[in-house]
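A quick write-up on the structure given underneath.
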Amino acid sequence: QVQVVESGGGLVQPGGSLRLSCVASDSVAPSWIMAWYRQTPGKLREWVASITSLGETTYKDSVRGRFTIAGDIDKDTIYLQMNNLKPEDTATYYCQRIEKPLTYWGQGIQVTVSS
């Protein structure tokens, strides 16, 4: 059973930066997709960015240019560098790992952007 654990959230002022990390332990799959999602109370969880085991990345339009997703394949770890944060980025951020046909989720980590 793959375990997915996020870290690095917290409180930051508008315009500030945070880096989230996500570790997928006990995985042996050579091919995978990992992604970040976020959710605010009363809203559906929304996709933010993805990275594949080949290093291909994609982004939600509203974060492109501000967020960067990167991976350390040897450590089964991905990162989300978030710059120029805005209050609307406030959410619980979730890490997802797909090893077809299975999908694993982390517990989520809070990011709050407020002055």
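Quick notes on this structure:
- Residues in the stretch 52-79 that are of a type in the set (Val, Ile, Thr) and touching a strand residue (DSSP E or B) at 6+ places or on another chain (Cβ under 9 Å): THR52, THR57, THR58, VAL63, THR68, ILE69, THR77, ILE78.
- Across the stretch 97-115, the qualifying residues are those that are surrounded by 13 or more Cβ atoms within 10 Å (Cβ to Cβ) and of a type in the set (Gly, Ala, Ser), and the one among them that is farthest from ILE51 (Cα to Cα) is GLY108.
- The sole residue among TYR59, TYR94 that is open to solvent by less than 50 Å² (accessible area, probe 1.4 Å), of a type outside the set (S, T, N, Q), in contact with a Phe, Trp or Tyr (Cβ under 7 Å, 6 or more places away or on another chain) and farther than 18 Å from ILE109 by Cβ is TYR59.
- Any hit, the stretch 38-61, residues being of a type in the set (S, T, N, Q) and touching a helix residue (DSSP H, G or I) at 6+ places or on another chain (Cβ under 7 Å): yes
- Annotation for the stretch 101-110: at least one member residue is over 16 Å from GLY9 (Cβ atoms) and touching a strand residue (DSSP E or B) at 6+ places or on another chain (Cβ under 8 Å).
- Looking only at the stretch 1-11, and only at residues there that are closer than 20 Å to LYS100 by Cα and more than 12 Å from the chain's Cα centre (by Cα), the one that is most open to solvent (accessible area, probe 1.4 Å): GLN1
- Looking only at the stretch 44-56, residues that are more than 16 Å from VAL111 (Cα to Cα) and open to solvent by 40 Å² or more (accessible area, probe 1.4 Å) come to 4 in all.
- Single unsatisfied condition, PRO14 versus (1) in a loop (DSSP other than H, G, I, E, B); (2) within 18 Å of PHE67 (Cβ to Cβ); (3) open to solvent by less than 60 Å² (accessible area, probe 1.4 Å); (4) not aromatic (Phe, Trp, Tyr): (3)
- Looking across the stretch 17-43 at every residue that is farther than 26 Å from ASP74 by Cβ and outside any loop (DSSP other than H, G, I, E, B), the one that is most open to solvent (accessible area, probe 1.4 Å) is identified as GLN39.
- For the stretch 62-91, residues that are within 14 Å of the chain's Cα centre (by Cα), more than 16 Å from GLU46 (Cα to Cα) and loosely packed, with under 15 Cβ neighbours inside 10 Å total 4.
The values are calculated or read from the model by the stated rules, or taken from the named source; none is laboratory data. These numbers come from a predicted model, not from an experiment. Positions of Cβ are generated from backbone atoms using ideal geometry, with glycine treated the same way; all protein chains shown enter the neighbour counts. The protein model used for the area step is the full one, side chains on, heavy atoms only, and it has no ligands, DNA or RNA in it. Shrake-Rupley method; radii C 1.70, N 1.55, O 1.52, S 1.80 Å.
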